[in-house]
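Heads up, the thing below is written out as structure tokens.
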Amino acid sequence: MAQELLTECVHLVDFYAPHIYVRDIATASKPWGCLNLEDLTIYIVKQPEDEAEWEDRVFEQIGKLCQLVVLDLCDSCGDDDGGDDDGDDDDDDYEDEHHSKRTAIENADI
């Protein structure tokens, strides 16, 4: 599902998904169309049976995102099913964390 959204939704600016598989990116029939993406938060899952050269295709896709300000490839959910089972509303914490990252990148002297 994430691959299809990144491919077809050309006006995306911010995108968060729990995960995407290396296989899905590498074997897609079309490249990502969301070239104006500024914030990409997604865990890229490599499976043991994935071919070695597929990683290059993943980095090629990410490399085309010239407007990218925030790139978070960590497993931010912290569990296998991607769910939040503790009953707390962690959305505010998530937004605060990403605002801090964005601010840090924007203020970086590079």
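The values are calculated or read from the model by the stated rules, or taken from the named source; none is laboratory data. None of the values given here were measured: they were computed from a predicted structure. Ideal geometry is used to build each Cβ from the backbone, glycine not excepted, and the neighbour counts take in all protein chains shown.
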Check on D24, under 18 Å from C9 (Cα atoms) and assigned to a helix (DSSP H, G or I):
yes
Note: among T7, T41, just one is assigned to a strand (DSSP E or B) and at pLDDT 95 or above, namely T41
Qualifying residues in the range 1-15 (those that are touching an Asp or Glu at 6+ places or on another chain (Cβ under 8 Å) and surrounded by fewer than 16 Cβ atoms within 10 Å (Cβ to Cβ)) - the one farthest from L73 (Cα to Cα)
V13
Could you please let me know if D39 is in contact with an Asp or Glu (Cβ under 9 Å, 6 or more places away or on another chain) and touching a residue at least 60 places away in the same chain (Cβ under 8 Å)?
yes
Here are the criteria: (1) in a loop (DSSP other than H, G, I, E, B); (2) surrounded by 12 or more Cβ atoms within 10 Å (Cβ to Cβ); (3) of a type in the set (D, E). Tell me which single one E60 does not satisfy.
(1)
